[in-house]
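All remarks here apply to the structure that follows.
The values are calculated or read from the model by the stated rules, or taken from the named source; none is laboratory data. Predicted model only: the values in this text are computed from it and were never measured. Every residue, glycine among them, receives a Cβ derived from its backbone with ideal geometry; neighbour counts consider all protein chains shown. Accessible surface areas use protein heavy atoms only, side chains included; no ligands, DNA or RNA. Shrake-Rupley method; radii C 1.70, N 1.55, O 1.52, S 1.80 Å.
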Amino acid sequence: MANLPLFLAFVASAALLTVTPGLDTVMVLRTASVEGPRPAAMAAGGIALGCLIWGAAVSLGLGALLQASQIAYTAVKLAGAAYLLWLGVKLLINPRKSLEMSGDFSPPKGQDSFRRGFLTNLLNPKMGVFYITFLPQFVPAGVSVAAYTFFLAGVHVLLAFVWFALLIAATVPLSGFLRRPGAVPLLDRLTGGLFVAFGLRLATSSAR
């Protein structure tokens, strides 16, 4: 049977970790501010799917490979770091001029935002290591470890969705500010710099 106090302790811990500023928060905030609520929701969906895939991998024991194999961890880590650096440099070099797009440019598609969120999370081996070290602490005795681990990953994703919804709602009052000249390029360059920083941090991180 599930242990309610242990489960509530997990919810509290996961909620605190969810609201701690990180790459996912930066991506959803930037997408909501510049591209709008719907693309931000798609980005959040991509992030959630990445988390669920990591949760499934850990529950099936595949996440242990990242801890056991330095080669596997490094391969995923470098792919993720390269993707983040590519996104960051792209924003730094070619920031958007304004919220309104014209000429040869078209509004970002929802699937583009979803893909960014998904790949950013899926190519971050820290998620797998985090799940494999964090989730088992909250698995009570007498339950299926695999099933309950995936259940906890699902709860974490649900908490993330709530947090992302609050972030998206909070950006609505910023729409007036973002229509000022120079506001959107500034935000793009700031986000690009953060993505580059996250990419460099991931590239130089260790498995533990």
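Remarks
- The range 174-189 - residue that is surrounded by 15 or more Cβ atoms within 10 Å (Cβ to Cβ) and more than 11 Å from R96 (Cα to Cα) and, of those, modelled with the lowest pLDDT: L178
- Test result for V184, farther than 27 Å from L78 by Cα, part of a helix (DSSP H, G or I) and β-branched (V, I, T): yes
- Residue that is part of a helix (DSSP H, G or I) and open to solvent by 20 Å² or more (accessible area, probe 1.4 Å), where the choices are A41, A32, A48: A41
- Some residue of the range 153-173 being at pLDDT below 80 and either surrounded by 12 or more Cβ atoms within 10 Å (Cβ to Cβ) or of a type outside the set (S, T, Y) (or both): yes
- Residues of the range 122-141 classified as open to solvent by 40 Å² or more (accessible area, probe 1.4 Å), outside any helix (DSSP H, G or I) and under 18 Å from L8 (Cα atoms), total: 1
- Residue among G63, G55 that is modelled with pLDDT under 85, small (G, A, S), farther than 19 Å from A183 by Cα and more than 12 Å from the chain's Cα centre (by Cα): G63
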